[in-house]
1. Does Tyr289 qualify as being within 16 Å of ligand 1 (Cβ to nearest atom) and either touching an Asp or Glu at 6+ places or on another chain (Cβ under 8 Å) or more than 27 Å from Ile218 (Cβ to Cβ) (or both)?
2. In segment 121-141, what residues are of a type in the set (A, V, I, L, M) and either surrounded by fewer than 19 Cβ atoms within 10 Å (Cβ to Cβ) or in a strand (DSSP E or B) (or both)?
3. Looking at Glu166, Glu118, Glu144, Glu155 in this structure, which one is assigned by TED's automatic domain parsing to the domain that holds Ala371, touching a residue at least 12 places away in the same chain (Cβ under 8 Å) and buried (at least 19 other Cβ atoms within 10 Å of the Cβ)?
4. Give me a count of the residues in segment 333-357 that are more than 15 Å from ligand 1 (Cβ to nearest atom) and part of a loop (DSSP other than H, G, I, E, B).
5. Looking at Val58, Val81 in this structure, which one is buried (at least 18 other Cβ atoms within 10 Å of the Cβ) and among the aliphatic types (A, V, I, L, M)?
6. Considering segment 361-376 alone, what residues qualify as being closer than 19 Å to Ile128 by Cβ and polar (S, T, N, Q)?
Amino acid sequence: MHDELIQSAGEWRRDIHQHPELDYDVLRTADKVTSLLVEFGCDRVETGIGKSGVVGVVHGRNPQKGPNIAIRADMDALPIVEESGVAHASTRQGMMHACGHDGHTAMLLGAAKALAAERHFDGTLVLIFQPAEEGGGGARAMIEDGLFDRFEIDEIYGLHNWPSLEIGRFMLSPGPVLMASDRFTIELKGPGGHAARPHECVDVVLASSQLVSALHTIIPRNLDASEQAVLSVTSIHGGDAFNVLPGSIRLRGTVRTLSPHARDLCQSRVEELAEKLPQAFGAIGEVSYVRGYPPTINHAKQAKTLADAAARLVGEEAVERNMKALAASEDFSFFLEKKPGAFIFMGNGQTAPLHHPRYDFNDEALPHGIALWRELIQGGRS
Ligand SMILES: [Zn+2]
Ligand SMILES: [Zn+2]
């Protein structure tokens with residue numbers, strides 16, 4: 001691959017890293033992507049899809065022959081104060097690219113530049129740059145804004161960098177690769193009172209501690225041991241004096257599951273325990289359970305196509321084709337609910353973990369991501 005292309009991708013990556021933007025407010029990044037796609041000679045570039053998403057279209061030599069393949073990158077950063085200490089660190093206080101979406105965007109731009117120049121493929125390439133992956137559901141917003149009506153798309157692919165996986169290695173699986181992510185808030189209420197006279201009060205502190213323990217029995221005692229699932233209570237708030245039993249306590253937590261069965265079961269058990277257990281203590285339990293991203297489930301045929309492309313580049317031994325699903329989530333899942341496709345993880349080497357203040361996307365991974373997308377589209381004709 002041309003050194004010049006890798007160098008440009010590195011420059012785009014570090015520039016985006018220096019100017020992180022959150023959620024749907026990715027206007028500078030989207031503008032940069034748009035002007036580069038136009039400069040590369042894309043046949044069509046549309047902006048403002050799902051508020052701030054950008055889509056570019058590149059026709060191959062025989063567009064009628066098909067297929068129409070979409071590749072997606074995400075553009076948003078996180079509300080984290082950067083501590084990486086790198087020269088291209090964030091210039092915006094309290095925001096940073098701690099998930100490597102700067103790298104994902106730069107790699108798809110690199111592939112777009114090469115593919116728009118070469119066009120050694122039939123069919124059409126659709127380049128999707130989405131906002132708000134980090135919790136805002138930007139993928140869903142783009143779908144609701146007509147992504148699949150406005151652009152003909154037969155298959156869709158995406159990737160995520162993975163720290164601790166060596167550079168030049170890939171992993172994926174046919175079937176689930178990431179979990180569903182749901183959250184709950186439980187409010188326990190009861191008349192509080194003097195801490196020295198608990199017999200005259202309802203002790204929501206005690207009730208909440210019993211509830212935390214009970215919630216942690218859901219997975220080991222209700223789900224088949226072969227199911228992958230995680231429940232964590234992540235916050236407890238209530239009370240502010242040493243001699244007063246508070247009138248309310250708020251618990252929050254997250255539930256990660258792979259199967260629809262486990263997802264439904266965890267929700268109904270959390271709701272049941274949160275409402276009924278406090279009653280036994282004379283308290284009232286109110287629960288709000290919110291479903292977030294669904295599990296990311298690869299389609300077998302497209303997972304094989306993507307794994308084969310990776311294996312042609314880096315060798316079969318550097319591609320894990322049957323990875324165990326990771327306990328994280330992705331809104332790429334919304335695309336895979338609508339279209340056949342696959343999501344792959346690529347090595348980012350020994351960097352800090354994702355969402356860590358010292359994380360930085362590894363530029364050594366750039367050539368591998370660009371090459372993967374070229375190989376997927378041109379299948380050895382790069
Ligand atoms: Zn992230
Ligand atoms: Zn991410």
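The values are calculated or read from the model by the stated rules, or taken from the named source; none is laboratory data. Because the structure is predicted, anything quoted here is derived from the model rather than measured. Please note: Cβ atoms are built from the backbone with ideal geometry, for glycine as well, and neighbour counts cover all protein chains shown.
1. The answer is no for Tyr289.
2. Going through segment 121-141, the residues of a type in the set (A, V, I, L, M) turn out to be 125-128, 132, 139, 141.
Hits for segment 121-141 are Leu125, Val126, Leu127, Ile128.
3. Working: Glu166 fails: buried (at least 19 other Cβ atoms within 10 Å of the Cβ); Glu118 fails: buried (at least 19 other Cβ atoms within 10 Å of the Cβ); Glu144 fails: buried (at least 19 other Cβ atoms within 10 Å of the Cβ).
Going through Glu166, Glu118, Glu144, Glu155 in turn, the sole match is Glu155.
4. The total comes to 4.
5. Working: Val81 fails: buried (at least 18 other Cβ atoms within 10 Å of the Cβ).
Checking each option against the conditions leaves just Val58.
6. Selection gives nothing.
Per-residue answers, yes or no, for (1) free of Cβ contacts under 8 Å to residues at least 60 places away in the same chain; (2) away from ligand 2 (no atom under 14 Å from the Cβ); (3) surrounded by fewer than 18 Cβ atoms within 10 Å (Cβ to Cβ):
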{"site": "Val319", "(1), (2), (3)": "no, yes, no"}
{"site": "Lys324", "(1), (2), (3)": "no, yes, yes"}
{"site": "Phe332", "(1), (2), (3)": "no, no, no"}
{"site": "Glu337", "(1), (2), (3)": "yes, yes, yes"}
{"site": "Thr351", "(1), (2), (3)": "no, no, no"}
{"site": "His355", "(1), (2), (3)": "no, no, yes"}
{"site": "Phe361", "(1), (2), (3)": "no, no, no"}
{"site": "Glu364", "(1), (2), (3)": "no, yes, yes"}
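Let's see how each residue does on (1) touching a residue at least 24 places away in the same chain (Cβ under 8 Å); (2) over 26 Å from Ile344 (Cβ atoms):
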residue	(1), (2)
Gln7	no, no
Ile16	yes, no
Val26	yes, no
Gly41	yes, yes
Ile49	yes, no
Lys65	yes, no
Asn68	yes, no
Arg92	yes, yes
